[in-house]
Amino acid sequence: MAGKSRKLTVTLSPKALAALDLIWDWNAKAYSINHAHRYIAFLKEQTQRLEDEFFAGKAVRKHPNLCYITIKLRRKGNGHVAVYEFVGDDILVLNYFHTAQDWRTKLSCRTRRRRNRWMWRRATASASPGRMI
């Protein structure tokens, strides 16, 4: 008997939601409010497709646990990159970057800072006198 395939759910992180707000603001100023609404709906729709097409993403170099998809209205021109990771039965979209940005470097810097903060917290927690490890 064949097993039931898992249904993955796409979830947007707070950082991804904030990025969508910034993208909306820029599009509303540069084009129109109507265009901004349509473009954000397009980004969300394309991101939602990951539920069924999660294999379409590519691995992020130097971050094997992260994947990304490129989302464009047209084949040529700029668009956005959605960076995500798998967390259980969820696809957690971490952030959106503009394709013209050096998003890999920005992602590496953020990941390095997060790791350093975690290591600092761990070191200070283990150094506190009342804590048993």
Looking at the structure I just gave you, is L22 without any contact (Cβ under 8 Å) to a residue 12 or more places away in the chain, closer than 17 Å to A100 by Cβ and either in a helix (DSSP H, G or I) or in contact with an Asp or Glu (Cβ under 6 Å, 6 or more places away or on another chain) (or both)? yes
Give segment 49-79 a look and list any residue that's in contact with a helix residue (DSSP H, G or I) (Cβ under 8 Å, 6 or more places away or on another chain), over 16 Å from T11 (Cα atoms) and not in a strand (DSSP E or B), or say none. A56, R61, K62, L73
Answer yes or no: is there a residue in segment 93-104 that is of a type outside the set (K, R), in contact with a Phe, Trp or Tyr (Cβ under 6 Å, 6 or more places away or on another chain) and part of a helix (DSSP H, G or I). yes
Can you find a residue that is surrounded by 14 or more Cβ atoms within 10 Å (Cβ to Cβ) and within 15 Å of the chain's Cα centre (by Cα) anywhere in segment 24-36? no
Quick test of your reading of the structure: G57 fulfils all but one of (1) within 23 Å of W26 (Cα to Cα); (2) at pLDDT 85 or above. Name the failing condition by number. (1)
Kindly provide the set of residues from segment 77-133 that are over 30 Å from E51 (Cα atoms) and either at pLDDT 70 or above or among the charged types (D, E, K, R) (or both), ordered by number. R117, R121, R122, R131
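The values are calculated or read from the model by the stated rules, or taken from the named source; none is laboratory data. Just so it is clear, the model here is predicted, and its values are computed rather than measured. We place every Cβ from the backbone using ideal geometry, glycine too, and count neighbours over all the protein chains shown.
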